[in-house]
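Everything on this sheet refers to the single structure shown next.
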Amino acid sequence: MTEELVLSEQRGAVLVLTFNRPRVLNAWTNELEDRYYDLLAAADEDPGVRAIVVTGSGRGFCSGADLGNLKNVGGVSESDLVRPRDRDFPTTIRKPLIAAVNGVAAGLGMVEALYCDVRFGSSAARFTTAFARRGLIAEYGISWMLPRLVGHSRAVDLLLSSRMVDADEAYRIGLIDHLVTGGDALDAAIAYAEDIAANCSPTSLSVIKSQMSADAHSTFTDSARRAESLMLNAFHGPDVVEGVNSHLEHRDPNFPSLSVRSSHVSV
């Protein structure tokens, strides 16, 4: 049963993960989280996976926490909130994490979509922070992420009102990076991931993701100086040689896979 909560399908170098509780719009549970994070952790170490696409089955991406599990929420203690992995674990994955938002992404479901690096959305995609309408607060870092995506004033609007944002507005304000109206958002996300997997250096992708995370807290000068050091490291590695040679030889690149996490040098 636990394994069925998140479906896993590998398409070449792209792993497709699908939240699979369609009758409740893929509402989030601890069991679903554990399965999803286990699959992400395995994909991060699998040399055969170079990009990950996340979507939902049925009509929704994820409708947020399963409220049926929160009937006794008034008795929740601090220890009840402790999970095997931090809730923001998806942000630590070294490989591109791409969301295909096919319906509602609400509350925690919206947070999980924002944890992804890039978001594709169908015309049915909808977003709501939802927290204020449940007596909750801005959870799991959304008050940090949302202003950086849509601007401070819009983020305040979305968090205070908890109003529903349709696909057109989501694309206009930056919640969705690619709005797919003439086809399937999942297919478009997979095609995007396949292009990355085939043509981009896994090491470059990992370092760039780390740079983006670190530079969110630093000045431009610090970012530029750090990039100089990282660029020197890149020149000493095999990927630059392969990237240049494959371009000059008019062939597809053959970049090496990422090493296991234990030997990865973080930015």
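With +1 assigned to the C-beta of every Lys and Arg and -1 to the C-beta of every Asp and Glu, and no other charges, what is the dipole magnitude of the chain about the Cα centre in debye, to the nearest 20?
Numbers: 25 positive and 34 negative charges, 137 e Å.
Dipole size: approximately 660 debye.
Tell me, what % of the accessible area of the chain is carbon and sulfur with a 1.4 angstrom probe? With neighbouring chains kept in place, the figure for the chain is 54 percent. Under a Gaussian network description of the chain, with springs only between Cα atoms under 10 Å, the residue in GLY48, GLY243, GLY182 that fluctuates furthest is GLY182.
Working ranking of peptides 251-258, 141-148 by packing, defined as the average number of other Cβ atoms within 10 Å per residue, highest first, is 141-148, 251-258.
Across the range 126-135, computed HN-Hα scalar couplings (Karplus, 6.51 cos²θ - 1.76 cosθ + 1.60, θ = phi - 60°) run 9, 10, 8, 5, 6, 4, 5, 7, 10, x Hz from first to last residue, x flagging Gly and Pro. Ranking of VAL180, VAL14, VAL244 by solvent-accessible surface, largest first: VAL244, VAL180, VAL14 (1.4 Å probe, protein heavy atoms only, all chains present). Considering only ALA185, ALA41, ALA105, the Gaussian network model of the chain with Cα springs below 10 Å gives its largest mean-square fluctuation to ALA41. Net charge of the neighbourhood of LEU258, taken over other residues with C-beta under 12 Å away and scored Lys/Arg +1, Asp/Glu -1, is +1.
For the options LEU179, LEU232, LEU15, a Gaussian network treatment of the chain with springs between C-alpha atoms closer than 10 Å singles out LEU232 as fluctuating the most.
Over the chain, dividing the summed -39,500 (n - 2.57) contributions of all DSSP H runs of at least 4 residues by the number of residues returns a 222 nm mean residue ellipticity of -12500 deg cm²/dmol.
What net charge do the residues around PRO147 carry, taking every other residue with its C-beta under 12 Å from that of PRO147, with Lys and Arg at +1 and Asp and Glu at -1? Walk me through the numbers on the way to the answer.
Details: positive: ARG148, ARG154; negative: ASP157.
Taking every other residue near PRO147 into account, the sum is +1.
Residues whose amide H falls under 5 Å from that of GLY56, counting only those 5 or more places apart or on a different chain, are PHE19, ASN102, with hydrogens built in the peptide plane. Report note on the peptides 186-199, 121-134, 51-64: ranked by the mean count of other C-beta atoms within 10 Å, highest first, their order is 51-64, 121-134, 186-199.
The values are calculated or read from the model by the stated rules, or taken from the named source; none is laboratory data. If you're wondering where the values come from, they're calculated on a predicted model, not measured in any experiment. Virtual Cβ from ideal backbone geometry, glycine too; neighbours counted across all protein chains shown. For the accessible areas, the whole protein counts, side chains as well, though only heavy atoms, and no ligand, DNA or RNA atoms are used. Shrake-Rupley method; radii C 1.70, N 1.55, O 1.52, S 1.80 Å.
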